[in-house]
1. Just one of 99, 134, 106 is acidic (Asp, Glu) and surrounded by 23 or more Cβ atoms within 10 Å (Cβ to Cβ); which is it?
2. Can you tell me how many residues in the range 581-592 are surrounded by 13 or more Cβ atoms within 10 Å (Cβ to Cβ) and either in contact (Cβ under 8 Å) with a residue 40 or more places away in the chain or of a type outside the set (Val, Ile, Thr) (or both)?
3. Could you list all residues from the range 482-509 that are of a type outside the set (A, V, I, L, M, F, W, C) and closer than 22 Å to residue 607 by Cβ?
4. Can you tell me how many residues within the range 229-261 are buried (at least 22 other Cβ atoms within 10 Å of the Cβ) and either part of a strand (DSSP E or B) or without any contact (Cβ under 8 Å) to a residue 60 or more places away in the chain (or both)?
5. For residues in the range 540-585 being part of a loop (DSSP other than H, G, I, E, B) and among the acidic types (Asp, Glu), which is modelled with the lowest pLDDT?
6. Against the condition farther than 15 Å from residue 331 by Cα, of a type outside the set (Val, Ile, Thr) and either surrounded by 14 or more Cβ atoms within 10 Å (Cβ to Cβ) or at pLDDT 95 or above (or both), how does residue 146 come out, does it pass?
7. Show the residue pairs that are 6+ apart or on different chains and have beta-carbon atoms under 7 Å apart, the first residue being within the range 504-523 and at positive phi, the second being part of a helix (DSSP H, G or I).
Amino acid sequence: MAMHFNPTEQPLKPSLSYGASLQREGVQFDVFSRDATGMRVLLYHEIDDLEPFKTLDFDPVSDRIGDVWSRFVPDLKSGQLYHFQASGPKDLSRGLRFDANQRLIDPYAKALAGQFQPMLDGICRPPKCVVVDDQFDWEGDRHLKQDMAKSVIYELHVRGFTQDPSSQVKHPGTYLGLTEKIPYLQSLGVTAVELMPIHEFPTNAFDGSQSEHANYWGYDPIAFFAPHRGYSHDQQPGGQVQEFKEMIKSFHTAGIEVILDVVFNHTCEGNHLGPVLSLKGLANPVYYILESDPSRYRNYSGCGNSVSGNHPICSEMILQCLRYWVQHYHVDGFRFDLASVLSRDQNGNLLPQPPLIESISEDPLLADTKLIAEAWDAAGAYQIGEFGNERWSEWNGKYRDDIRRYWRGDAGMRNALATRLAGSADLYQSQGRSPSASINFITSHDGFTLNDLVSYQNKHNLANGENNNDGDNNNFSQNFGTEGPTKDPAIEQLRIRQIKNLMTTLVLSQGVPMLVAGDEFRRTQKGNNNAYCQDNDVSWLDWSLAKRNEAMLRFTRILIHFRQNQPSLRQSEFLTGQASEAGIKDVRWFNVFGLDVQWESDELPISCLLRTPTDHDETISSGNDLLFLFNSTSDAHRFAIPEIIQSELWNLFLDTSLPEFHEIFPDGSGPPLGNHYLVSSKSTAVFLAQRRLTS
């Protein structure tokens with residue numbers, strides 16, 4: 001039988017991607033919902049409109065293929081504002097939460113505009129979705145693809161970095177303001193910024209009111225594909241898209257990579273009492289891990305719900321999101337918040353080879369991106385050393401705790417210091433990984449700042465409104481006799497020394513160092529170790545501290561640049577302690593008597609001789625041998641210099657006990673080393689050898 005085509009009919013042409021796809025004649029809307037009985041798109045003229053100017057229904061027959069609802073709307077342009085609305089059963093026994101009156105954020109929205117508006121009959125009015133034109137003149141910009149082993153990561157909050165007036169930028173608290181600080185970051189020597197969440201998240205309450213405790217950190221996502229509108233100077237619909245791209249292009253021009261902290265483990269829709277804003281109202285049992293009672297949510301994130309990352313539909317959304325940020329924003333990498341949630345199946349069980357993690361590892365478009373896991377979750381999963389494959393690096397929480405405890409002077413921590421300084425082979429070597437799998441950090445956004453770590457014995461979180469019950473109680477911190485700021489010069493000098501000990505250990509360890517913004521000039525959060533809701537001077541960087549603590553800033557800059565010039569600190573393989581063909585061991589450990597360490601002993605002082613790798617095509621090594629002397633005790637120790645290097649010429653590079661501006665020698669021209677060196681209490685000394693000739 002012949003088929004006849006009626007030219008007046010418009011055949012259904014679903015887009016290959018979900019959301020709002022801008023086309024020449026209009027916009028194609030595609031949305032997944034398996035159990036919906038009806039779908040609508042609501043169109044608005046202005047950000048503050050309380051009601052749409054037009055509501056368009058999807059035909060359940062002609063506008064649906066499988067579980068995808070698809071409709072083309074002619075004459076719409078970039079900047080168009082919209083919501084979805086889905087009808088269907090509200091059957092909590094099946095986990096279905098449809099509400100035909102609820103306005104829904106498109107899970108694939110590329111930008112949001114406005115705020116939550118006052119509720120109408122108990123129905124939320126969330127920010128509006130924006131149709132976005134992805135076109136942008138990148139002027140030849142490409143991903144930097146820097147070697148992970150050469151990376152120095154700097155974690156920062158976009159708003160908090162420049163919001164304080166002391167930042168003296170033209171556009172405080174914005175992507176543009178951050179761009180203005182690129183010269184500072186270049187001078188510091190970092191190779192990558194890791195931005196705390198810039199995906200869209202609520203900034204006011206769901207009923208439109210303002211909350212006393214703001215969602216400052218942003219670990220409460222509402223739209224994974226959209227850059228946060230609150231960090232944009234341009235408040236026109238979609239203005240944040242262009243501004244964020246301009247920021248990344250500027251960072252790349254400066255040779256600095258941009259890594260995003262992504263939160264795919266939960267959303268701001270919360271638990272069974274939380275609002276229906278997006279995923280809940282479209283496919284609740286698909287997007288979330290539900291309890292055996294489907295009206296409740298499993299909570300592995302500590303935030304009320306857990307995204308079902310290994311459900312094929314949800315997995316596809318996450319992969320498309322990552323690809324989108326790489327392709328359209330030129331993002332260089334991702335740090336996955338509470339990544340162990342993404343290792344769980346649809347019942348919450350941890351999988352030995354999670355499909356989502358494997359798909360991310362093998363995705364060809366992500367092949368050049370850095371993948372960093374926070375390899376634990378809020379329900380007890382702790383996968384450090386076991387997350388993913390060789391494509392993945394991990395926040396090394398054991399490094400953080402061991403280094404803190406060593407410098408606090410805890411007994412029995414000397415061996416742990418040696419293991420962490422050498423790259424944590426105990427965690428990563430058996431997995432076939434390199435030292436760069438270990439993202440070393442002592443502080444992060446979550447916890448004390450470096451200054452507060454040596455100034456407070458206890459957390460001080462009362463301002464968060466939770467009776468000081470929030471935040472970690474296991475900080476391994478030390479106040480040296482006074483809680484908080486002090487005018488006692490002896491305590492103050494000891495704190496400065498301890499900060500330098502911690503920074504020296506971090507920057508000179510094998511693996512990849514990660515600093516937190518402001519630690520280089522003693523930023524304080526006044527003892528708050530969980531400042532997630534403090535959008536004020538508790539969290540904002542006080543740039544006057546950079547001048548007040550100029551010596552500490554200088555010390556950190558020199559350390560970072562020193563690391564970049566010393567290949568012995570960035571080795572691609574784990575140290576073995578075995579002799580090379582030339583009879584030279586890559587690393588040796590000694591006690592205070594200059595003898596090989598007996599690892600069964602408990603003595604905290606230790607020294608380390610690190611030999612630099614030798615270039616095969618040159619007669620001179622490309623770096624210097626290094627000698628570390630660590631003393632975390634309360635007494636000075638005279639270290640005997642090992643006999644094997646007494647005939648070599650060594651000069652002091654740093655001694656954290658020396659006066660400020662005289663404690664570090666950027667050109668390696670410090671005093672020469674004799675046969676002994678006195679290391680003061682709570683101090684580090686590092687010596688630099690003259691370049692060693694090869695045989």
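The values are calculated or read from the model by the stated rules, or taken from the named source; none is laboratory data. Treat the numbers as computed from the prediction; the structure is a model and nothing was measured. Ideal geometry is used to build each Cβ from the backbone, glycine not excepted, and the neighbour counts take in all protein chains shown.
1. Working: 99 fails: surrounded by 23 or more Cβ atoms within 10 Å (Cβ to Cβ); 134 fails: surrounded by 23 or more Cβ atoms within 10 Å (Cβ to Cβ).
The unique qualifying residue is 106.
2. Quick first cut of the range 581-592, residues surrounded by 13 or more Cβ atoms within 10 Å (Cβ to Cβ) only: 584-592.
From the residues that got through so far, the ones that are either in contact (Cβ under 8 Å) with a residue 40 or more places away in the chain or of a type outside the set (Val, Ile, Thr) (or both) too are 585-592.
Residues that pass the stated criteria total 8.
3. Filtering the range 482-509 for residues of a type outside the set (A, V, I, L, M, F, W, C) gives 482-489, 492-493, 495, 497-498, 500-501, 504-505, 509.
497, 498, 500, 501, 504, 505, 509, listed by residue number.
4. Residues meeting the conditions: 6.
5. The first filter runs over the range 540-585 and keeps only residues part of a loop (DSSP other than H, G, I, E, B), leaving 540-543, 549, 565-566, 570-578, 580-584.
Next cut, among the acidic types (Asp, Glu) only: 542, 573, 581.
On the way: 542: 98, 573: 93, 581: 64.
In this case the residue turns out to be 581.
6. Values: farther than 15 Å from residue 331 by Cα: no; of a type outside the set (Val, Ile, Thr): yes; either surrounded by 14 or more Cβ atoms within 10 Å (Cβ to Cβ) or at pLDDT 95 or above (or both): yes.
No, not satisfied.
7. Sorted first by the residue in the range 504-523, then by its partner, the pairs are 511/435; 511/436; 522/451; 522/499; 522/545; 522/552.
So that you can scan it fast, the table gives a plain yes or no per residue for (1) under 36 Å from the mean Cα position of the chain (by Cα); (2) part of a strand (DSSP E or B); (3) buried (at least 23 other Cβ atoms within 10 Å of the Cβ):
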| position | (1), (2), (3) |
| --- | --- |
| 648 | no, no, no |
| 658 | yes, no, no |
| 669 | no, no, no |
| 678 | no, yes, no |
| 681 | yes, no, no |
| 687 | yes, yes, yes |
